[in-house]
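Below you'll find the structure, written out as structure tokens, and then a few comments.
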Amino acid sequence: MMRRTSLLVLLAATALLASCGDGVVRRVSDPAVSVQQLTVKADGQWAVDLRLQNYSSIPMRFDTVAVDVQVGDQDAGKLSATPGLSIGPESADVVTVAFSPSSAGRIAVADALASRRTLPYTLKGSAAATPDEAKQRTFDVDTRNTLNPVPGLDGVLR
């Protein structure tokens, strides 16, 4: 009788624990923001393709991005975007942002394109994103990377 009672208690406890969660780990990690492509338009303005990377295990909606852009060692200005883009777990997407660079930024990019050399860039600022079924959070952005001229595409760095 004691053995049967112990078995029933064990089964009940197992059933209770199994019903506690859906087995999905809900981890929110800092997202990443980087430049996937920079295109210089005929009027000197830039079209910046920002890559938004969601490293979380749940979807996140990217509400705003506000970063200071530096190309080479020159300040190019402040880039602001409101993508309103939902990105699935451990995925990325790209949003194109029109950008009016400073004259120093234009010169740095023009020099890299003319000499066909690598151009380092820095993004510093923040990105506001809302994890699935949660409150909006602000994440720091501090990206350092390089862009290279694309062969056959004038005015394009990737």
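The values are calculated or read from the model by the stated rules, or taken from the named source; none is laboratory data. Keep in mind that what you see is a predicted model, and the values were worked out from it rather than measured. Cβ sites come from the backbone with ideal geometry, for glycine too, and all protein chains shown count toward neighbours. For accessibility, only protein heavy atoms count, side chains too; no ligands or nucleic acids. Shrake-Rupley method; radii C 1.70, N 1.55, O 1.52, S 1.80 Å.
Scanning segment 79-90 for residues that are open to solvent by 70 Å² or more (accessible area, probe 1.4 Å) and not in a strand (DSSP E or B) gives THR82, GLU90.
Could you check, for segment 127-147, whether at least one of its residues is farther than 23 Å from ALA81 by Cα and of a type in the set (A, V, I, L, M)? For segment 127-147, residues farther than 23 Å from ALA81 by Cα and of a type in the set (A, V, I, L, M): absent. The listed residues are PRO101, PRO131, PRO120, PRO149, and the only one of them that is within 22 Å of SER57 (Cβ to Cβ), in contact (Cβ under 8 Å) with a residue 24 or more places away in the chain and not aliphatic (A, V, I, L, M) turns out to be PRO131. Put simply, of ASP68, ASP93, ASP73, ASP30 the only residue that is at pLDDT below 95 and open to solvent by 30 Å² or more (accessible area, probe 1.4 Å) is ASP73.
Residue check, ALA47 against (1) at pLDDT 60 or above; (2) closer than 24 Å to PRO131 by Cβ, all met but one. Which one? Among (1) at pLDDT 60 or above; (2) closer than 24 Å to PRO131 by Cβ, ALA47 violates only (2).
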